[in-house]
Amino acid sequence: MFFKQKSTRKSVYVTFVIGNVVLMVVLFYFLLNNVAYDWTGQLYPAGSGFRLDSGLDSIIPFVPQMVIFYVYLFYPFTFLTMLYFSFIEYKRGYALGWSLVAINAIAILIYVIFPVSTFWYRQELLAQPMVGNIWADQVYNVFVNDSSFNCFPSLHAAVSTICFFAWFQYAKLKPGKTTKAVAIAALIIAVGVILSTLFIKQHYIADEIAGSVLALLVGKLVFDKFWKNVKGKDRLQFSSNKSRST
């Protein structure tokens, strides 16, 4: 209606960009990642919830410097990935957008029926804080501003994994030095983010495994569907342009 039923390059671009923004910003970031996520954090009283502490979890040391990955690399990495696939590779943005929405929606449902908490780790760390450690102070701020009842699956792990998955698939689709370098960088950041949640005692190992597996399963299903359609449309457009030129 807006473009008077005419399909042009501009109308296609605007349509995809609006769809990407609705999926990634409105649905994923605001409604699911903020409103719904915060709501699940208020469902249960402090000190309740399931504890998934294994033998390995208990021996992982507290390394506050890993907050660099948890905060300062995770958010720019996610934002830039969303930005690129919303406005540059906009036709492939729907795959990332729907993956983020599906991952977060599934996670919210699990948080409601299976609340996992790291409350006990937080209490131990806050009882004996590292005085004068700038990185530890930032971790303590994370504890204060983030609920501890929405741990399984880890959204840091899931979102990092799906962002890496997008770049990995993109590098396979358009192989080159730049895309390969970006995919490798995405892998390093994703692994660093996943490890950071353990070293700042924000999650259990089970949370990270669940988040990564969830992202890979959803990504495989959604990307296969949407990117296959994009490839088909690109071939048709190429054939049409070739026939007109001849």
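The values are calculated or read from the model by the stated rules, or taken from the named source; none is laboratory data. Owing to the predicted nature of the structure, the values given are computational and were not obtained by experimental measurement. Reconstructed Cβ throughout: ideal geometry from the backbone, glycine too, with neighbour counts over all protein chains shown. Quick note on the areas: whole protein, heavy atoms, side chains included, nothing else; ligands and nucleic acids left out. Shrake-Rupley method; radii C 1.70, N 1.55, O 1.52, S 1.80 Å.
Given +1 at the Cβ of Lys and Arg, -1 at the Cβ of Asp and Glu and no other charges, the dipole of the chain around its Cα centre is 2060 debye to the nearest 20. Here the dipole of the stretch 86-209 is about 680 debye; that uses its Cα centre as origin and unit charges on the Cβ of Lys and Arg (positive) and Asp and Glu (negative). In the chain, taking the dipole from charged Cβ atoms about the Cα centre, the farthest positive-side position among Val230, Val218, Leu73 is held by Val230. Accessible surface of the chain, 1.4 Å probe: 69 percent of it comes from carbon and sulfur atoms. Approximating the spin labels as points 7 Å out from Cα along Cα→Cβ, the Val26-to-Glu124 distance works out to 4.5 nm.
Using R0 = 22 Å, the C-beta based FRET efficiency linking Ser11 and Asn229 works out to 0.75. With the convex hull of the Cα atoms taken as the outline of the stretch 106-229, the averaged projected area works out to 9.1 nm².
Taking label points 7 Å from Cα along the Cα-to-Cβ direction, Asn34 and Ile60 give a separation of 2.9 nm. Packing here is the average count of other Cβ atoms within 10 Å per residue, and on that basis the peptides 156-166, 28-38, 203-213, highest first, run 156-166, 203-213, 28-38. Relative contact order of the chain, please, whole-number percent, based on alpha carbon pairs below 8 angstrom and at least 6 residues apart. 29 percent. How would the stretch 23-120 be classified by its alpha-carbon gyration tensor: rounded, prolate or oblate, with rounded meaning a/c under 1.5 and the a/b versus b/c comparison settling the rest? In terms of gyration-tensor shape, oblate. Considering only Ser196, Ser99, Ser147, the mean-square fluctuation computed in a Gaussian network model of the chain, springs between alpha carbons under 10 angstrom, is largest for Ser147. Simple rule: put +1 on each Lys or Arg Cβ and -1 on each Asp or Glu Cβ in the stretch 71-188, find the dipole, and look at Tyr84, Thr178, Tyr111; the Cα lying farthest toward the positive end is Thr178. In the elastic network of the chain, a GNM with C-alpha springs shorter than 10 Å, the most mobile of Val14, Val112, Val22 is Val14. Quick one: check the C-alpha center-to-center distance for the stretch 191-225 versus the stretch 1-80, whole angstrom. Value for the Cα centre distance between the two parts: 13 Å. Rolling a 1.4 Å probe across the protein heavy atoms gives the stretch 44-94 an accessible surface of 54 Å² per residue. Probing with 1.4 Å while keeping every protein chain in the model, the per residue accessible area of the stretch 173-212 equals 43 Å².
An ellipsoid equivalent to the stretch 78-145, defined through the eigenvalues of its Cα gyration tensor, has semi-axes of 35, 20, 5 Å when rounded to whole angstrom and sorted largest first. Electrostatic tally near Val71: other residues with Cβ closer than 13 Å to its Cβ, Lys and Arg +1, Asp and Glu -1, net -2. Using Cβ point charges alone (K and R +1, D and E -1), the dipole size of the stretch 40-151 about the Cα centre works out to roughly 300 debye. Comparing Gln65, Gln128, Gln202 in a Gaussian network model of the chain (Cα springs below 10 Å), the most mobile by mean-square fluctuation is Gln128. Positive end of the dipole of the chain (Cβ unit charges, origin at the Cα centre): among Ala127, Ile162, Ser196, the Cα lying farthest that way belongs to Ile162.
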